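Single-structure report; data block below.
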Amino acid sequence: MVVGAWNVAILTPEGIARRLFNLEPGTPIEVQVAMDVGAPIRVRHDNIIVQPSPTSLVITPQAHYINIAAVRSLKDTAAHIFERAIRPVSSGVFRKSDGATAKDLLHRIFNQNEQALGLFFFTLMLILGLEIILLHFFRIAIAMRAEHYEVLLKARTGGLDPAFQAKFGWLVGNLYSRAATPDWADFEGGKDDLEQLESEYLKEHISGHGPTWVDDELIVAGQKNNVDFDGFDGSGLIEELEQYRPLPSIEKLSREVADQAKNVLKINPHTKKQVDEVFNNRGDHLFSLFEKHLQLGKEDADGDARAGDALSSPEVKDAIIQSLHEIKEEIIDMLSISDENLEKLANRLKNNGKIKKLLK
């Protein structure tokens with residue numbers, strides 16, 4: 001297929017025989033004409049068929065089969081089409097964040113520019129004035145025997161306006177035709193050379209002329225802090241923006257969780273007072289033990305040696321160890337996290353606006 005503007009007044013059967021087949025005048029050719037429907041003529045010679053139209057010139061060898069494409073209602077196939085462009089959560093279920101991608105896909109379809117999926121949108125007007133939005137699936141081909149071509153033409157229920165025939169032919173050409181000019185990948189090592197070339201020209205070659213690539217979060221932070229983006233060169237701008245670089249999301253999250261935990265699990269004044277009383281009471285008890293044993297040592301004739309023995313006696317050591325153990329147990333009991341406090345912490349974390357924003 002050669003897409004373009006063709007003068008069908010010139011490409012008559014005689015014009016095709018002379019201009020395309022280069023035949024002498026009077027050479028027999030086969031002309032195929034659709035009798036009951038409006039369709040372009042087809043001229044056949046030596047197993048080659050030429051079909052001219054105002055928007056395209058189709059030249060095909062004689063084939064035993066022809067292909068027709070599937071046509072479906074957009075309402076019936078919308079979810080299926082979206083699944084080919086967006087990863088679904090499950091069948092027909094998508095993330096709201098992918099809605100913009102789906103809208104872009106519909107925009108290309110309705111403008112008849114969706115080449116990747118090979119879709120062509122058109123509207124079928126029914127007798128009662130109703131409209132049905134249909135999609136032509138180029139990539140789903142159904143093979144039919146060539147001798148059924150006339151039957152298919154007679155069964156046709158509609159056609160494209162001339163203005164849209166050109167778009168249809170252009171889309172078919174982009175999908176199935178290829179210019180003879182070689183691409184990079186056609187040469188040995190060409191793909192790697194292309195990637196290297198692309199990477200090279202993403203860099204700045206002339207100082208101050210860009211391109212300079214800046215992290216999205218730095219741009220947002222700079223805008224919030226009224227940074228004059230035009231007042232710096234590339235390196236100077238990045239240096240200026242770095243001072244406003246936000247903390248990583250995981251660090252923000254951990255800090256916010258820690259702050260909430262401190263507010264919920266912090267020791268209240270009553271608990272602090274209890275801890276002070278515990279230390280004071282146990283400390284007084286220890287001091288009384290020391291004084292008692294020191295007094296016993298002084299009453300002995302050899303006071304210095306006996307005082308040392310008293311302080312190091314097993315009874316004193318056991319008493320100290322026991323008192324410290326009791327202090328530890330009572331403090332642990334007072335500072336233990338209660339189920340009530342844990343529930344408070346969970347509710348505060350669940351309802352905290354900053355945490356919700358960080359987790360999006």
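Remarks
- Simple spin-label estimate for residue 225 and residue 213 in nanometres, 7 Å along Cα-Cβ: 2.3
- Greater than 32 Å apart at Cα, pairs in 96/224; 75/191; 103/224; 96/203; 252/273: 75/191; 96/203; 252/273
- Using only Cα coordinates, the Kirkwood hydrodynamic radius of region 17-119 works out to 17.9 Å.
- Residues 73, 53, arranged from fewest to most other Cβ atoms within 10 angstrom of their Cβ, appear as 73, 53.
- Extension gain for the segment residue 58 to residue 205, taken as residue separation times 0.36 nm less the Cα-Cα distance, is 48.2 nm to one decimal.
- Computed E for residue 35/residue 68 - FRET, C-beta separation, R0 22 angstrom, nearest 0.05: 0.65
- The percentage of C-alpha pairs in region 145-210 whose separation is greater than 19 Å is 69%.
- The residues neighbouring residue 142, those whose beta-carbon lies less than 15 Å from its own, together hold a net charge of +4 under the Lys/Arg +1, Asp/Glu -1 convention.
- Global form of region 182-245, assessed from the alpha-carbon gyration tensor, a/c cut-off 1.5: prolate
- Region 77-199: C-alpha gyration tensor shape, a/c 1.5 cut-off, then a/b vs b/c: oblate
- Counting 0.36 nm for each residue step from residue 161 to residue 243 and taking away their Cα separation leaves a gain of 23.5 nm.
- Extending 7 Å from Cα along the Cβ direction at residue 149 and again at residue 80 yields two label points whose distance is 2.9 nm.
- Chymotrypsin sites (Phe, Trp or Tyr not before Pro) within region 165-233, DSSP loop, no more than 11 other Cβ atoms inside 10 Å: 187, 201, 213
- Interchain or long-range residues, amide H under 5 Å from residue 140's placed H: 70
Since every read-out is calculated from the coordinates, none of them should be taken as a lab result. Owing to the predicted nature of the structure, the values given are computational and were not obtained by experimental measurement. Cβ coordinates were reconstructed from backbone atoms using ideal geometry, including for glycine residues, and neighbour counts include every protein chain displayed.
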